[in-house]
Amino acid sequence: MIEKTQDQIETRLFINGKFQSSSDAKTFTITNPFTREPVADVFEASASDVDKAVAAAKAAFPAWRDLSPTDRGKYFHKLSALIREHEEEFAHLEAISSGKPVSKYIDANMAIETFSYFAEAGWTAQGSSSWNTPGHLNITSREPYGVVALIASWNAPLAYFAIKIAPALAAGNTVVLKTSEKAPLTCILGAKLLAEAGFPPGVVNVLSGYGQTTGAALSSHMGVRCLSFTGSTLTGRKIQASAAMSNMKTVHMELGGKTPAIVFPDADLEAAAAQTQFSVQILSGQTCIANSRIYVHESVAEKFLALFKSMFSSAVLGDPLDKETTLGPQTGKIQYERVKSYISAAEKESAVTLGGDANNGYFIKPTVFENMPEDAQIMKEEVFGPVVVINTFKTEDEVLQKANDSEYGLYASVFTKDIDRAVRVSKLLETGTVGVNCTSPLMPKDMPFGGFKGSGIGRESYLHSMESYLETKAVLIQIGS
Ligand code: NAD
């Protein structure tokens with residue numbers, strides 16, 4: 001059965017292979033953003049629960065590190081199969097707790113593929129050797145850090161569960177994951193399946209809780225040697241400071257974005273409109289890579305705007321559990337109020353030409369602003385809603401300057417049929433990913449994903465994530481004659 005009553009949903013912390021209440025029995029409530037009814041009361045990990053989880057991960061580390069990659073991978077294969085069996089339950093839980101339409105639920109599939117890939121990838125953790133020092137064979141070895149902390153955002157919880165846990169474990173580390181207080185339920189179900197798959201106790205610990213309590217205790221913990229974070233740039237700064245002030249743990253950061261999409265006059269306008277409107281509509285605009293700034297050449301602006309608006313406004317708002325729904329509510333009251341406040345501030349600078357507040361629960365309609373001043377707040381900050389600014393430009397130099405005038409540098413895209421221009425512009429865009437005649441959410445699994453500037457530190461992907469979870473040691477071997 002997919003649907004569960006409140007008391008059938010697991011809400012406890014997963015520490016040392018067991019579900020348990022928090023030490024002080026504190027809970028917080030998850031509310032359905034569509035019905036605005038409570039879904040579950042979830043236990044909040046205290047600093048002492050964080051200590052317990054780190055201690056469990058530390059105790060489990062030596063035995064886990066010393067398994068062969070194949071033996072670690074066996075658990076991953078079992079877990080992938082279990083996630084497959086529970087795919088609908090994951091989609092249902094995410095819909096009722098964060099408003100993500102079941103028709104758009106891809107997280108379980110991402111998790112299955114990621115655990116399957118990393119089930120084999122442990123073998124790639126390898127160092128190098130050198131005979132360059134006379135009388136020595138010197139080698140480098142790649143080694144796990146020990147206890148790794150993972151702190152994630154709410155917009156794709158099960159996907160982050162896999163994208164972070166799988167490579168960290170494949171590299172031989174043990175982990176403590178703190179899920180987002182806005183969407184912990186699918187990760188708790190993931191923990192239940194981890195236990196069923198037989199992972200040894202302590203190898204993975206999953207905690208729910210707020211950032212300023214559970215998250216802060218984890219990022220300043222002296223027993224954690226490496227931390228991987230996905231969330232806002234603001235929080236990233238705090239975590240980096242706690243890491244530096246505690247034990248200088250290594251940090252990797254996947255942070256916010258303000259993706260520009262540039263549409264030149266020779267572009268396939270229909271394709272550019274279809275892709276850019278999808279980018280800012282998916283997950284109700286609640287993605288780090290949403291192309292929230294579009295620059296269209298003035299000579300084709302009218303045609304592009306007409307195409308864009310007709311496609312963007314065709315989103316079907318409704319119950320996330322209804323398979324016809326393509327646009328769910330914002331994920332909760334805080335997110336909804338935040339998006340509305342950005343819209344109100346932007347309305348003082350320029351007019352809304354499509355959409356706005358739906359005046360229906362936490363829904364925001366697909367919203368377009370045009371001719372926005374480049375220094376307006378909405379051009380600089382993440383809105384995290386289905387809200388886009390479409391401005392025009394005259395020259396390539398001008399649009400590059402505007403696109404790069406951002407503290408963020410996660411993703412950018414350029415639409416043109418001129419290969420020289422595409423290559424020239426791709427080189428000059430200051431972002432970790434550039435799409436040519438394509439845009440976000442496209443993220444090929446073997447391409448490095450991460451940000452320039454304030455959008456992050458490090459890269460994630462099938463081929464790059466293991467790097468983040470491995471130290472390099474030089475071993476100098478003097479050879480006797
Ligand atoms: P957030 O920064 O508010 O929270 C992210 C996580 O950090 C949560 O688990 C939260 O509890 C925790 N946290 C908050 N304060 C903390 C503290 N002081 N110490 C330790 N942990 C703390 O972000 P969010 O609202 O969950 O997510 C939205 C943001 O995430 C957006 O900026 C978005 O662009 C970004 N994001 C980036 C990527 C990426 O891959 N680059 C992916 C998804 C989301």
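The values are calculated or read from the model by the stated rules, or taken from the named source; none is laboratory data. In this text the structure is predicted, and so the values were computed from the model without any measurement. Cβ atoms come from the backbone with ideal geometry, glycine included; neighbour counts cover every protein chain shown. To get the accessible areas, we keep the full protein, side chains included, count just its heavy atoms, and leave off ligands, DNA and RNA. Shrake-Rupley method; radii C 1.70, N 1.55, O 1.52, S 1.80 Å.
At-a-glance table
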read-out: Net +/- balance of residues flanking LYS182 in space, Cβ distance below 15 Å, scoring K and R +1, D and E -1; value: -1
read-out: Point-charge dipole on Cβ atoms (K/R +1, D/E -1) for segment 260-446, about Cα centre, debye to 20; value: 320
read-out: Highest-first arrangement of 13-26, 185-198, 427-440, where packing means the average Cβ count within 10 Å; value: 185-198, 427-440, 13-26
read-out: ASN16 long-range amide H proximity, modeled H, under 5 Å; value: GLY202
read-out: Given LYS238/LYS309; LYS4/LYS164; LYS104/LYS178; LYS192/LYS249; LYS309/LYS417, the pairs whose alpha carbons are separated by over 31 Å; value: LYS238/LYS309
read-out: For LEU177, residues with placed amide H under 5 Å, excluding near neighbours; value: LEU150, ASN205, VAL206, LEU207
read-out: Angle between the chain longest axis and helix 301-312 axis [Cα atoms, degrees, rounded to 10]; value: 60
read-out: Difference of contour (0.36 nm per residue) and Cα-Cα distance, GLU302 to LYS323; value: 4.2 nm
read-out: Cα-centred dipole magnitude for segment 142-231, charges only on beta-carbon of K, R (+1) and D, E (-1), debye, nearest 20; value: 80
read-out: Segment 232-270 versus segment 1-64: alpha-carbon centroid distance in Å; value: 28
read-out: Folded to 0 to 90 degrees: helix 107-121 orientation relative to the chain principal axis, Cα; value: 40
read-out: By average C-beta atoms within 10 angstrom, highest first, the peptides 151-163, 225-237; value: 151-163, 225-237
read-out: Cβ-defined net charge surrounding LEU150, 10 Å radius [Lys, Arg +1; Asp, Glu -1]; value: +2
read-out: Rg to Rh quotient for the chain, alpha carbon positions, Kirkwood Rh; value: 1.00
read-out: Angle in degrees between helix 69-85 and the longest Cα principal axis of the chain, rounded to the nearest 10; value: 50
read-out: Furthest towards positive pole of dipole, PHE449, ASN391, THR27, structure part the chain, Cβ charges; value: THR27
read-out: Long-range HN-HN contacts of THR353 with modeled amide H, under 5 Å; value: VAL368, PHE369, GLU370
read-out: Percent of Cα-Cα distances greater than 25 Å, calculated over segment 260-446; value: 29
read-out: The chain, helix-only ellipticity at 222 nm - DSSP H runs n ≥ 4, -39,500 (n - 2.57), divided by all residues, nearest 500; value: -11000 deg cm²/dmol
read-out: Ordering of 95-101, 460-466, 125-131 by packing [mean C-beta count within 10 Å, highest first]; value: 95-101, 460-466, 125-131
read-out: Where labels lie 7 Å past Cα in the beta-carbon direction, separation of GLU196 and ILE106 in nm; value: 2.5
read-out: Per residue value of the accessible surface for the chain (all protein chains in place, 1.4 Å probe), Å²; value: 41
read-out: Derived scalar couplings ³J(HN,Hα) [segment 437-450; Karplus, 6.51 cos²θ - 1.76 cosθ + 1.60; whole Hz; x for Gly, Pro]; value: 6, 7, 8, 4, x, 4, 9, x, 5, 9, 9, x, 10, x
read-out: Top positive-direction residue, dipole computed over the chain with Cβ charges, set GLN275, GLY209, THR70; value: THR70
read-out: Accessible surface of the chain, 1.4 Å probe, proportion on carbon and sulfur as whole %; value: 54
